[in-house]
1. Can you find a residue that is surrounded by fewer than 11 Cβ atoms within 10 Å (Cβ to Cβ), closer than 30 Å to T77 by Cα, at pLDDT below 90 and among the small types (G, A, S) anywhere in the range 274-288?
2. Filter the range 243-256 for residues that are crowded, with 16+ Cβ neighbours inside 10 Å, over 16 Å from E294 (Cα atoms) and aliphatic (A, V, I, L, M); which is modelled with the lowest pLDDT?
3. Is at least one residue of the range 101-119 assigned by TED's automatic domain parsing to the domain that holds L189 and hydroxyl-bearing (S, T, Y)?
4. Wholly within the range 147-225, which strands (runs of 3 or more DSSP E) include no fewer than the required count, namely at least 1 residues that are within 30 Å of P239 (Cβ to Cβ)?
5. Please go through the range 98-115 and pick out each residue that is surrounded by fewer than 12 Cβ atoms within 10 Å (Cβ to Cβ) and either under 34 Å from the mean Cα position of the chain (by Cα) or on the phi > 0 side of the Ramachandran plot (or both).
6. Across the range 145-159, what is the number of residues that are out of contact with any Lys or Arg (no Cβ under 9 Å at 6 or more places or on another chain) and within 14 Å of I177 (Cβ to Cβ)?
7. Among the residues that make up the range 270-277, is at least one of them touching a Phe, Trp or Tyr at 6+ places or on another chain (Cβ under 7 Å) and farther than 16 Å from E89 by Cβ?
8. Looking only at residues in the range 132-146 that are small (G, A, S) and not in a loop (DSSP other than H, G, I, E, B), which one is surrounded by the fewest Cβ atoms within 10 Å (Cβ to Cβ)?
Amino acid sequence: MNRDAQAKPSSSIAYLGPVGTFTEQALFSQPDLAAGQHHQMNNMAEVLRSTARGDVDFGFVAIENAIEGTVNIALDTLAFDLDLSIQREVVLPIQMNLMGVAGTSVSDLELVLSHHVATAQCRVWLDANLPGVPSEVASSTAEAARLVAEAGDRTTAAIAPARSAEVYGLEILAAHIEDHPENQTRFLLVSAEGIPAPTGHDKTSIVIHQREDRPGSLVGILQEFASRHVNLSTLVSRPAKTRLGEYAFIIDMEGHIADEVVGDALRDIQMKHGDVKVLGSYPALGESDGARSEAAQAWTDADNWLQSVRGEIS
């Protein structure tokens, strides 16, 4: 069944709560997802498990951050525990904001609440503008905003996404206070089945379990892509969950599994190197540089040449 990757107003979507998080902000950046029926979960694994069980139509999880790297709990659950299909990727700029109740000024502050990762990513601004003001840890950035709103105390502020200010009625006292303005988080929309049709600008994600660990095995796998001009955007090794020292490779590549070049590479890897699990083929973000279509055309031309030679067989 080829499932439509566009969510309908009746579609149910699980995501990591509570309201006001970066995950929810990314979800609401997609009009069709914003219009769906939303179900908050306590952790990412449960978001994915509920999708695999069919409790919801889609799951929405963070998978990679430009500063912190891969989100291992989501990546491992997709790679090793469940059979789900990626339908879409969403990239959200991570912008931190200092917020407080109405009438608060930065000079009033005696305490800052946030998740420890968010606080760490704003240390330069905090040291320059709130020297000596202590920070306390909240379970999430959204929870920090909720606590500030409930307390109504003008001496306490939260570091959280802009969505939290909207949800909890707070004023943004200072915007974009993050140390790394280029920071982004990549999210995935997944469903229990179905691969979106190729668009001509796609990405395919796979997991490769080697059948045997031998010198040059990774080089052999990578050569299958290099020889076909298939560009890899991500290569991550993760413990294979079998025994110490065994790893699986998780790869994102340009192209769709329907593309002859991509399919040919995966067929040879499955035949010669290891077991391939396809996590999804889905529309890629950004602009295409045309290299993928050129490689596909070269493969088609070569295949046509071979067929013409074979056509002379008597």
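The values are calculated or read from the model by the stated rules, or taken from the named source; none is laboratory data. Since this is a predicted model, take the numbers as computed values, not measurements. With ideal geometry, Cβ positions are generated from the backbone for all residues, glycine too; neighbour counts draw on all protein chains shown.
1. yes
2. Out of the qualifying residues, it is A248.
3. No, the conditions are met nowhere in the range 101-119.
4. 184-191, 202-210
5. G103
6. Residues meeting the conditions: 2.
7. Within the range 270-277, not a single residue is touching a Phe, Trp or Tyr at 6+ places or on another chain (Cβ under 7 Å) and farther than 16 Å from E89 by Cβ.
8. S135
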